[in-house]
Amino acid sequence: MNRFNDKTVIVTGAASGIGLAAAHRFLDEGARVVMLDIEEAGLKEAAAKLPQDRVLVQVGDTSKKETAAAAVKAAVERFGALHILINNAGVATEGDIMQTSEEDFEHVMAVNVAGYFHMAKAAMPELVKTRGSIVMTSSVSGLGGDWNTFAYNTSKGAVSNMVRAMALDAGKDGVRVNAVNPSFTKTGMTEDMLKDAELVEKFKERMPLGAPEDPEGIAAAMAFLASDDARLISGVNLPVDAGLRASNGQPPM
C-alpha cells in the first residue's frame, strides 16, 4: 500500500517513540519525510537507517517559530511541496497544580501548545496549495483528566480544541485537521511507568484490548487520518487507546 507516493510529510518529535514510528510508516507508504527533533544525536542516528533519498533531517526546538519556518522552507526546497504535517513533539511533567513550578508549566505549554501553533502556522500556506492535512498528537488526557499530570493535561486539552478550531477555519481551503489521542504508549516519556508492574496491570484492567500500546499502532492511525481514505474526516479527536474511553477509565465490574 503506497497511499503517500509523491507526498511530503513533516514529522516533529521524530527521533523516537510515536514520531519515529510515524516517520517509518509514511516512508513505508511511499512518502518523503522531513524528520524534525531537538535531539540531534538521536535524530541523526534514527535517520541514518532510512532511505536517504526520501529523508531530510532538521534539528530544532519546535517551541521556537524560527524552527517551524526553517523546517517548512527546507521541506519545500528539497521536495518541492508540503502535503502533511504530523505535529507530535511533546513533553510532560508530573505533579498537581501546587507541585508544578511556573517554569515547568511554561515549558510544557511552549512545546505542546505553542510548538503546535508555530508548526501549523508555518505549514498552512503550503498545505493550502496542496489541499493537505495536519494530524496532531493529543492524548486521552486531552479528552478527560488524569491525576498528577496537571501541566500535561492542560496542554493536551488545548491541543484537542486547537484541532476543532483549526478544522473549522481551514476547511474552506481544503485542509483537514485531526488528532490521535493515545493512552499509555511505550515511549521514552513512559519509561518509568513501564517499570511499575502494578501500574501496568491497573492499565490492563481498564483497557479491553490490553496495554500498553505500541507506537506503531498510533502511527497507523495517523497515516489513516492523513490519507485520502479519511478525506471526509476533519476536526476529529480519535482515541487510540485500546478501548479505555469505552469504560471512562473505570476498572471491570
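Derivation of every value follows stated rules applied to the coordinates shown; laboratory data play no part. Quantities reported herein were computed from a predicted structural model and do not represent experimental measurements. No Cβ is skipped: glycine too gets one built from the backbone with ideal geometry, and neighbour counts run over all protein chains shown.
The slack in the chain from ASP61 to ALA41, taken as 0.36 nm per residue of separation less the alpha-carbon distance, amounts to 5.8 nm. Over region 6-126, Cα pairs under 8 Å with separation of 6+ residues give a relative contact order of 29 percent. For region 129-139, 3J(HN,Hα) computed residue by residue from phi via the Karplus equation (6.51, -1.76, 1.60; θ = phi - 60°) reads 4, 9, 6, x, 8, 10, 10, 10, 8, 9, 5 Hz, glycine and proline entered as x. With θ taken as phi - 60° and the Karplus curve 6.51 cos²θ - 1.76 cosθ + 1.60 applied, the whole-hertz 3J(HN,Hα) list for region 78-85 is 7, 10, x, 6, 10, 10, 9, 10 Hz, x standing for glycine and proline. Over the chain, the ratio between the Cα radius of gyration and 2.2 N^0.38 Å evaluates to 0.96. Summary of packing: across the peptides 12-23, 55-66, 216-227, the per-residue average of other C-beta atoms within 10 Å ranks them, highest first, as 12-23, 216-227, 55-66.
Lysine pair count for the chain (Cα-Cα distance under 14 Å; residues 8 or more apart in sequence or on different chains): 9. Distance between the pseudo-spin-label points of ASP228 and ALA81 (7 Å out from Cα toward the beta carbon): 1.2 nm. What FRET efficiency do you get for HIS107 and ARG164 if R0 is 41 Å and r is their Cβ-Cβ distance, rounded to the nearest 0.05? Working from the Cβ atoms, E equals 0.95. Taken one residue at a time, the phi angles of region 162-167 give Karplus couplings (6.51, -1.76, 1.60, θ = phi - 60°) of 4, 4, 5, 5, 5, 4 Hz. Gly and Pro are set to x. The amide H of GLY95, built 1.01 Å from its N in the peptide plane, has THR149, PHE150 as neighbours under 5 Å, considering only residues 5 or more places off or on other chains. Computing FRET efficiency as 1/(1 + (r/R0)^6) for GLU94 and MET1, where r is the C-beta to C-beta distance and R0 is 41 Å, gives about 0.55. Percent of Cα pairs in region 43-129 per distance bin of 5 Å, from zero to the largest separation: 3, 14, 20, 20, 17, 12, 8, 5, 3, 1. Between the amide H of LEU238 and those of ALA179, VAL180, ASN181, distances stay under 5 Å, these residues lying 5 or more places away or on another chain, with hydrogens modeled in the peptide plane. When only Cα pairs below 8 angstrom with a gap of at least 6 residues are kept, the chain shows a relative contact order of 19 percent.
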